[in-house]
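Before any comments, here is the structure.
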Amino acid sequence: MPDDLFQEVKSRRLPASEILQVAVRAVVEREKSREGLEHYIRELEEEIGSPSDEQNARADAIVRNIQLHQLQQAG
């Protein structure tokens, strides 16, 4: 942990070890989920083939709309 961050944790009397464990577990779980998703996508591609350019473009548009909606909700 960088010294400045450790000093911040220490000055606030936060449990550094517990915080680090929670953070590491979150990263590990996120990686496991990503790996599982990648495996699932490979299985789908084997079963039904890769998406067409049109399908990819439509998916990209949907993602952009969702992101825009989230930004509007946050702002």
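The values are calculated or read from the model by the stated rules, or taken from the named source; none is laboratory data. Treat the numbers as computed from the prediction; the structure is a model and nothing was measured. We place every Cβ from the backbone using ideal geometry, glycine too, and count neighbours over all the protein chains shown.
One line per residue, one yes/no per condition, for (1) surrounded by 10 or more Cβ atoms within 10 Å (Cβ to Cβ); (2) at pLDDT 95 or above; (3) among the charged types (D, E, K, R); (4) in contact with an Asp or Glu (Cβ under 7 Å, 6 or more places away or on another chain):
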residue	(1), (2), (3), (4)
5	yes, no, no, no
13	no, yes, yes, no
21	yes, yes, no, no
28	yes, yes, no, no
33	yes, yes, no, no
55	yes, yes, no, no
65	yes, yes, no, no
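On inspection, residue 71 does not qualify as surrounded by 10 or more Cβ atoms within 10 Å (Cβ to Cβ) and farther than 30 Å from residue 6 by Cα.
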